[in-house]
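The values are calculated or read from the model by the stated rules, or taken from the named source; none is laboratory data. As the structure is a prediction and not an experimental result, all values here were calculated from the model. All Cβ positions, even for glycine, are placed from backbone atoms using ideal geometry, and neighbour counts span all protein chains on display.
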Amino acid sequence: MLHAVMLGVAESYLGALAVELGHRDFALALLMTVPLVVGALTQLAAGPLTRWIGGRRRMIVVGATLQALSQVGLVAIALSGDTRLWPLLVVKTVFWTTGAAIAPVWNAWIVSLTEDEGRERWFAWRGAAVHLALVSAYLGGGFFLDHQRRAGALFRAFAILYLIGIASRLASATLLRLHADPPVVEDDGPAGVRARLGAALRGGEWRVALLVTGVMFGTYVAVPFFTPFMLRELHLDFDTYALLTSVAILTKSVVFPLYGPIARAVGLRAVMVVAGLTLTGLPLAWALAPQVGYLFVVEVFSGIAWAGFEFATFQLLLQASPASCRVEFFSLASAATGLAQLVGALAGSAVLAGLALSYREVFMLSAALRGAAVLLIATPLGRRVAGWPIRRVMLWLSNVRVVAGVERRPVVTNAPPTDGEP
């Protein structure tokens, strides 16, 4: 929950800070993509970094502490009003990379800490608490920024939010340090980075990882365009925009506990398939009937579907990871999905400009790609297609950033219609 507070007040408003500093389209694109790529590549080194630092708990505490301290740079940029791109790009890359580097290690660690019959119930209630903290911090941060803008102290308000982010992440690191650190069997696996990555490819079950990669590729074809669509075509004001984008997160915090008993009744795979198919229809709803009141209802269904998809895929990934090289498995899965997000965003931009498509047509394309991923990988229809090539495909793809499943976080900006990012 403390980590989620940091996300809500700090990471969620990095785009807003960039826009207020005057950065335009190209700079915003660099700020979105460079940290993503560096973070994805850094995750591939999570295994050797963990062994070099001296264990999973130490690696995670060090990474969380560095992520907290990186926000000192954000405080300095906000207070000084530095409009140069490179300081913000460097600080955001360090912030993102330190968080991304510990994600596979945390996933491997949490397997050891939750190996009992209560795992599903624990993750259900954990998801509810985390998303409640996230949406509370996010809305609180947005209202605080609006109030301080009217008072003429916007950049000081940004600095205060990042100070809260620093304190929250340092407290989070302190609590992580107090966790147990069970003995691991990974150390008995093959020696060498290439050997361990190869063992993870051969020994892991990659169907769920490939599903998440495919769904996130389809999702990110449309992700960069939801905000300009809301600001340009729907003409939403900032308060309505903030409330609309928070509905799905709040809904997730409410429904997460319900997925524990649902999964016990029907199974995690059934939850995954139904939620994945529901995700397919969400961009269609945005494309076909984008009235504001209706979209609030759509976002409720979005929260329900994403909560189920995250809940099921994350736990299935935990089950699919080979014990002898678990960190490497999550590193590969995270790197693959991060690159899929990047390629999806670039592909969406290319078809929007090159084929002169409208936002609504791009949303329809996103729906088709999401549906294809679910049908071809997660249902019996696609088992012949997606059976034997999965490991080979994973060799070609080298972030699902699986800190907590496929978590969607709000990114709020006060950009002009062409500069927003959801």
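Here are a few things to note about the model shown:
- Identity of the residue in the stretch 50-61, assigned to a helix (DSSP H, G or I) and either surrounded by fewer than 18 Cβ atoms within 10 Å (Cβ to Cβ) or not hydrophobic (A, V, I, L, M, F, W, C) (or both), that ends up modelled with the lowest pLDDT: Arg51
- When Ala367 is tested against (1) buried (at least 18 other Cβ atoms within 10 Å of the Cβ); (2) closer than 20 Å to Phe229 by Cα; (3) at pLDDT below 80, exactly one condition is not met: (3).
- The residues on offer are Thr97, Thr93, Thr114, and the sole one that is β-branched (Val, Ile, Thr) and at pLDDT below 85 is Thr114.
- Criterion applied to Leu36, Leu74, Leu88, Leu49 was being touching an Asp or Glu at 6+ places or on another chain (Cβ under 8 Å), under 29 Å from Gly344 (Cβ atoms) and not small (Gly, Ala, Ser), and the one residue passing it is Leu88.
- Residues that are among the hydrophobic types (A, V, I, L, M, F, W, C) and in contact with a Leu (Cβ under 7 Å, 6 or more places away or on another chain) were ranked within the stretch 126-143; the one that is modelled with the highest pLDDT is Leu134.
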